[in-house]
Structure formats: C-alpha cells, structure tokens
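Written below as structure tokens is the structure these notes are about.
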Amino acid sequence: MLLQGKKAVIFGVANTRSIAYGIAGAFRAHGAELALSWVGDALRRRVEPIAQELGASFTFPCDAASDESIAEAAATVEKNWGRIDVLVHAVAFADRDELQGRYIDTSRKGFALALDISAYSLTAMCKHFENILNDGASVITMSYYGAQKHINNYNVMGVAKAALESSVRYLAFDLGPRGIRVNAVSAGPVRTLAASGISGFHRILGHIEKYTPLKRTITIDEVGNTAVFLASCLSTGTTGSVVFVDDGYHASGIQIDPQGHTD
C-alpha cells in the first residue's frame, strides 16, 4: 500500500459522488489515515457518515473563506495528529448566476467570492498548515481545463482556476526547500454537486464522451488513483505541475464527426 502510515487531511468532501470522496476512498485503500473537513451543520450531517464509512480518524469544521477558521482547523489537526503528510484542497465555489451567460457580465462581488474561496483558500491553507506539514509532504488541489481554455458558462470559475494553477507554481517554490510538493489535478467533468451549477453541464458531458480519445467520461476513482500517486513516494520529483485526468480531452483540437459537423 502506497500510503501506509500517512496522515491525510482532505477538504471538500460533500457527498459520495464528489471528487474529494473518490480521493478519500483511494487514500484509505492505500493505507492512509484520514481527517475530513465540513462547513455548516448540513454538510456535517453528510460528512460524518462518510467519515465513519471510510474509517476516518476525525472530522473538523472549517470555513475556507475565513483565515480564523482555517487557523482553528490547523490547530485541531495538530492537537489530534501532530504533523501530517498530505493536504488535499478540493474546495471551490461561485454563485450560480455567474455560471451562465457572458463572462463580461460577472459582478465584482461574484468575482471576489469565486477567487477567494476557489483560489486564495489554497494559499491560506498552505500558510496555516505549513508548520505541521512533514518534510516531503504533498499538497494537492483540484483544477479543470477551463483554467486554460474557454469553456461555455464556466466563466468566473475558469478565471479562479487559472489563479489556482498559478498559485500551485508559486507555492511549489515556497514549500519546495523542505521537499513539500504542490500539484493540481485537472479532472475532466464529473457529475458532482458543484458541476450541477454550471449551465448546460449535461451537454458538456455529451461532448466529452464523443470527442475524448477514450470516448468516455472519467470517474472519481480515476481521480483518486492519480491523487494517490501524487501523495506517495512515487511522485517525489513532481511539483508545480497540473496533471490531467480527463481521458485525453486536453490534447484535443477541432473535431469533425462522421456527419461532417464540427465542434
């Protein structure tokens, strides 16, 4: 087992369909000890049964929009475990109204909210957890192709993910002297609670199934397997990187179907 004896803190498990759940399950299968975050009573009621199912050591509250809450979360983790080996940031949010229509109509408030929770929170977590990360630890965050290319209706979330990917590179240099790696996994579209807020998401899935090299969509288990690699000793030379798990869609250009239509 690649993560035997490793202690992993995972932010962002929302339900059993979430990417963070796939990562947590893969980590557990490879021997890691888990701690899962939640924010608010509604999510706590979802996360605690998942934590019990996966044999997590404990859960804890954390609001990714609050430095004070992140600092308290780090203190809770330190009290329970001392130091940790893996930090997974699977947190993102934008108002539903910002994920439709034209990007140019993004509100100032909506822009600030999306960038704060979806991008800055990674930096804040690294800052507050830095002192309890073991040398050689791994930090993993979740991105999407909309950070690098225009995706219909992804809008401000694409800009936030671009900031997130840039943060990965800067954080990799800040934490690298201690052997701590910082990487992003750019996952293909998955039917998650977060994705349901993107207008026309079902059409995106249909397009992916038709035009990826593997002719299908990914699973949360496949994302979890890649996260295991990034969390393990197999990836000690990988940092500041964006690793795609999207059935090869990022390699695609203009596609022509047998009927001659272009996409």
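Where a number appears in this text, it was derived from the coordinates with a stated rule and is not lab data. Note that the coordinates shown come from a computational prediction; the quantities given were computed from them, not determined experimentally. We place every Cβ from the backbone using ideal geometry, glycine too, and count neighbours over all the protein chains shown.
Observations
- Sorting the segments 210-216, 56-62, 109-115 by their residues' average number of neighbouring beta-carbon atoms within 10 angstrom, most packed first, yields 56-62, 109-115, 210-216.
- Legend: calculated FRET efficiency, LYS215 to ALA29, from the Cβ-Cβ distance at R0 = 25 Å, rounded to 0.05, equals 0.40.
- Ordering MET1, MET157 by the number of other Cβ atoms within 10 Å of each residue's own Cβ, fewest first, gives MET1, MET157.
- Computed 3J(HN,Hα) for the stretch 45-51, one whole-Hz value per residue from the Karplus formula 6.51 cos²θ - 1.76 cosθ + 1.60 where θ = phi - 60°, is 5, 7, 6, 4, x, 5, 4, glycine and proline marked x.
- Taking ILE254, ILE50, ILE151 and counting other C-beta atoms within 10 Å, the order from fewest to most: ILE254, ILE151, ILE50
- The chain: angle of helix 19-29 to the longest principal axis, Cα-based, in degrees nearest 10: 50 degrees
- Working note: Karplus 6.51/-1.76/1.60 with θ = phi - 60° gives the stretch 184-190 the couplings 10, 9, 9, 8, x, x, 10 Hz, where Gly and Pro are set to x.
- Over 31 Å between alpha carbons, listed pairs LYS109/LYS149; LYS127/LYS215; LYS6/LYS149; LYS6/LYS109; LYS127/LYS210: LYS127/LYS215; LYS6/LYS149; LYS6/LYS109; LYS127/LYS210
- Inter-site label distance for ASN152 and ARG83 at 7 Å from Cα along Cβ, in nm: 5.1 nm
- Relative contact order, percent, the stretch 7-247 [alpha-carbon distance under 8 Å, six or more residues apart]: 22 percent
- Projecting label points 7 angstrom from Cα along Cα→Cβ for HIS250 and ARG169 puts them 1.3 nm apart.
- When all alpha carbon pairs of the stretch 7-247 are counted in 5 Å bins from zero, the resulting P(r) reads 1, 7, 14, 19, 21, 18, 11, 6, 2, 0 %.
- Karplus (6.51, -1.76, 1.60) ³J(HN,Hα), θ = phi - 60°, over the stretch 164-171, in Hz, Gly and Pro reported as x: 4, 5, 5, 4, 4, 5, 5, 5
- Net lengthening on full extension, ARG203/ARG96 (0.36 nm per residue, minus Cα-Cα): 36.8 nm
- LYS109-PHE58 pseudo-label distance in nm [points 7 Å out on the Cα-to-Cβ vector]: 3.7 nm
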